[in-house]
Structures are given as structure tokens and as C-alpha cells.
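Structure first, then comments.
The values are calculated or read from the model by the stated rules, or taken from the named source; none is laboratory data. All values derive from a computational prediction rather than experimental measurement. Neighbour counts are summed over all protein chains in view; Cβ atoms, including those assigned to glycine, are modelled from backbone coordinates with ideal geometry.
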Amino acid sequence: MPYFDTAATTKIHPKALQALHDTMRDVYGNPSSLHHVGIEARKLMNQTKAQIAALLGCDKRQLIMTGSGTEANNLAIQGVYQKHPEKRLITSRVEHHASLNTMRYLQSKGADVVILPADEKGRIDIAALSEALTVDTSLVSIIYGNNEVGTLQDLEAIINTVKNSAALIHLDMVQVPLHQAIDFNQLKVDFISLSAHKFHGPRGVGILIANDLASFDRLIHGGKQEYEKRSGTENLAGLVATKVALEEAYKNHTDNVNHSQSLSEYFIQKLNDSGIEYSLNGPQLNDPRLPNILNIGFKDLDAQWLSFELNQHGIYVSLGSACDSSNIEPSHVLKAIHVPEAYIHGSLRFSFGAENTKEDIDMTIDALKTIIEDA
Ligand SMILES: Cc1ncc(COP(=O)(O)O)c(C=O)c1O
């Protein structure tokens with residue numbers, strides 16, 4: 001049963017699952033408690049944070065554990081906004097809703113928000129970024145590693161453009177850790193968001209790496225956890241499992257990239273041979289891209305119907321659309337990159353993982369041929 005939806009979520013790694021289970025069973029103390037059981041939990045938490053920080057190239061005091069990637073994005077964006085509500089925020093039209101809708105919310109409250117355009121490959125317009133930057137810009141928030149079409153942004157150009165201003169940079173790198181190591185210190189940005197369930201870790205663990213804890217306000221008030229930037233009893237078992245998943249991801253980067261890239265190439269080659277009319281939306285195979293994401297538009301077809309039919313064949317993919325009651329609206333990302341009308345309504349995202357094989361792709365192309373011929 002081909003599962004081509006790793007960009008939506010991944011199956012937890014068996015070692016991460018074991019760590020989750022063992023920690024929940026054995027280290028059940030509250031890290032804030034002052035007795036032995038609590039101290040044991042706090043020790044494990046500090047040790048695990050140090051290990052995660054070493055993998056991500058930051059200090060452990062720069063790691064804020066959140067409940068999701070969405071929350072990490074909100075904390076960076078709303079947290080900076082709250083420090084400087086009069087200042088400008090900049091983002092792009094190809095962001096995940098976790099950022100874009102946060103920006104739109106702040107805009108509805110009166111914030112000065114600029115939303116940058118992108119080209120047909122999903123790359124944000126650097127000239128527009130340069131033009132939008134003012135001395136009064138507080139934050140530029142950009143997705144590096146697009147979850148819908150896979151675009152990897154030109155980070156050097158973004159960082160060089162922003163560095164002469166006082167603006168902080170936030171990168172949504174939620175889709176990245178399976179394919180690239182992240183070195184926060186080397187990147188020279190101010191915030192990075194991550195989410196464990198995108199790299200075979202558990203659901204419900206997000207991470208915000210923040211260069212300077214004084215640069216943003218908290219969103220969740222309460223106790224002193226996470227350096228008073230995110231109150232709430234820590235999800236220690238989730239953190240330990242996240243560390244294990246991250247270690248496994250880092251061990252397998254080369255294999256993951258090569259495997260996903262070869263599956264992507266094979267998929268396109270088989271599609272070409274099949275005679276099916278399609279467009280590859282966003283970056284092409286040799287462009288900077290996440291190797292595991294292909295967004296394919298099927299000419300004059302309906303994506304919801306197509307995904308339903310594929311589901312009947314035991315093939316699991318995501319729509320390039322968002323449901324709006326009875327209407328299917330093409331995704332904001334596909335609209336932003338100007339996918340032609342004939343293809344935008346029939347766009348599906350295929351996102352590959354380590355468990356997928358060429359046989360899965362053969363099966364999928366055969367199913368697509370049957371479904372489209374019978375249409
Ligand atoms: C690029 C990107 N950012 C943020 C998120 C939100 O992460 P979470 O599902 O942990 O809230 C996702 C999840 O799809 C994503 O792909």
C-alpha cells in the first residue's frame with residue numbers, strides 16, 4: 001500500500017517509539033519537582049536538550065520546546081510582533097498556513113504585513129524583499145523547504161538581503177531535517193522552526209530555536225518552563241523520542257536524499273512513458289528542491305476525485321487543494337506560483353519516504369492510467 005504522504009506526516013521510527021515508551025514508563029517525574037524523581041526528569045531533559053542542540057548547531061538555552069511546528073511558527077512571529085507591534089513583518093505567498101494565517105491574523109489586528117510574491121518555481125522575489133525592507137521591519141519569516149512543491153529557497157540571497165537591516169529572520173524548516181543537517185550557528189538566522197513528526201519523531205513536539213530569548217515575547221503564560229518562553233509541564237518523553245528520531249535522520253541523510261531523488265526521477269520518467277498529460281508544479285528535478293516532494297498537475301482532472309480513486313487502489317497522496325465547505329479551492333501556494341488553470345485543479349502532492357519502492361511507483365502509474373482512461 002504505497003504511502004506517498006511523508007510531507008504530511010511520517011511513521012514514528014521504532015527506536016523513537018521505544019524511547020517514548022521507556023521514558024514515559026521510567027522517568028515520570030515532573031522536571032519542576034524538587035524531589036529525587038523530579039530531579040531525575042530534569043537531568044534527562046537537560047541532557048536531551050544538550051544532545052539535540054549539538055545536532056542542530058545551537059546552544060541548549062536556545063531551544064524552546066513547543067507542542068507543534070505550528071506553535072513554533074506562531075511563537076516566532078507573534079512573539080516578535082508583540083515586542084514591536086508598530087514594526088513591519090514580511091513573509092511570502094508560499095508559506096505554510098502556520099505562518100501565513102498567523103501573519104494574516106496580525107494584519108487583521110492592524111499589523112503592517114508585507115506578503116512577497118514568488119516565481120513559478122516557488123522562489124520568493126528577492127528584489128521585492130529588498131524593496132519591502134524598511135528600517136522599521138522587525139521580522140522576515142520565510143519557509144525554507146516548501147511543503148507543497150518542495151522549493152528550497154536561495155538562503156544566501158535572503159540572508160544577504162536582510163543582513164543590512166535590523167530585521168530578524170525566521171526560517172520555517174519543518175520539512176528539512178530528513179534531508180539536510182541544520183547548523184543554526186552557521187546559518188546566521190534568528191529563529192528556526194521544526195516539528196518532530198516530519199522526521200519520524202512523535203506527534204506533538206515542535207522546536208523553536210531562538211538566537212536571543214529577549215527578542216520575543218511568550219504566547220503561553222504560566223510557569224517558568226522553557227526559560228519562561230512557553231509555560232506548561234514539559235513533554236519529556238516526546239523530547240527524548242525526538243532526539244532519537246533526529247539522530248536516526250542525521251545518520252541516513254545521504255541514503256534518504258539519494259533514495260528520494262531516484263524515486264522522483266523514476267516517477268517522472270514513468271509518467272513521461274505513460275502518455276498521461278501532466279505538469280510538474282514548482283521546481284523541476286534539477287532545481288534546488290526537497291528530493292521527496294513532487295507536485296503533479298493532471299490536465300483537466302479534479303484532484304479530489306483523483307485522490308479518492310487512488311485511495312481505492314490503496315495509494316495515499318495529498319491534494320494540492322484546501323476544502324472550503326462544498327468548494328475545492330486550489331492551494332494558495334499553487335496559485336502563488338501561477339500553475340496554469342488546466343492543471344491547478346488536478347494537482348496532487350506525492351511525497352516519498354524510505355519505505356517507498358520503484359514497485360510502488362509502477363503500481364501508481366498503472367493505477368493512474370486505468371483511472372484516467374476510465375474517466
Ligand atoms: C512547512 C511546514 N511548516 C509548519 C508545519 C506545521 O507543523 P505541525 O504539523 O507540527 O503543526 C508543517 C506541517 O505540515 C509544514 O509542512
Find all pairs meeting these conditions: Cβ atoms under 8 angstrom apart; at least six residues apart or on different chains; first residue within segment 51-71 and at positive phi; second residue surrounded by fewer than 20 Cβ atoms within 10 Å (Cβ to Cβ) and of a type in the set (S, T, N, Q). 57/185; 57/186
For residue 239, state whether it is at pLDDT 95 or above and on the phi < 0 side of the Ramachandran plot. yes
Could you name every one of the strands (runs of 3 or more DSSP E) located completely within segment 202-313 that has at least 2 residues being more than 22 Å from the chain's Cα centre (by Cα)? 278-281
Residue 225 vs. criteria within 11 Å of the ligand (Cβ to nearest atom) and in contact with a strand residue (DSSP E or B) (Cβ under 9 Å, 6 or more places away or on another chain): no
Can you spot a residue in segment 66-74 that is assigned by TED's automatic domain parsing to the domain that holds residue 197, in contact with a strand residue (DSSP E or B) (Cβ under 6 Å, 6 or more places away or on another chain), modelled with pLDDT of 95 or more and closer than 22 Å to residue 334 by Cβ? yes
Go through segment 170-195 and report how many residues are in a strand (DSSP E or B) and either within 12 Å of the ligand (Cβ to nearest atom) or surrounded by fewer than 23 Cβ atoms within 10 Å (Cβ to Cβ) (or both). 7
For segment 196-222, which residues satisfy the criterion of being within 15 Å of the ligand (Cβ to nearest atom) and among the basic types (Lys, Arg)? 198, 203
Of the residues in segment 331-359, those that are surrounded by 20 or more Cβ atoms within 10 Å (Cβ to Cβ) and in a helix (DSSP H, G or I) come to 333, 334, 336, 343, 344
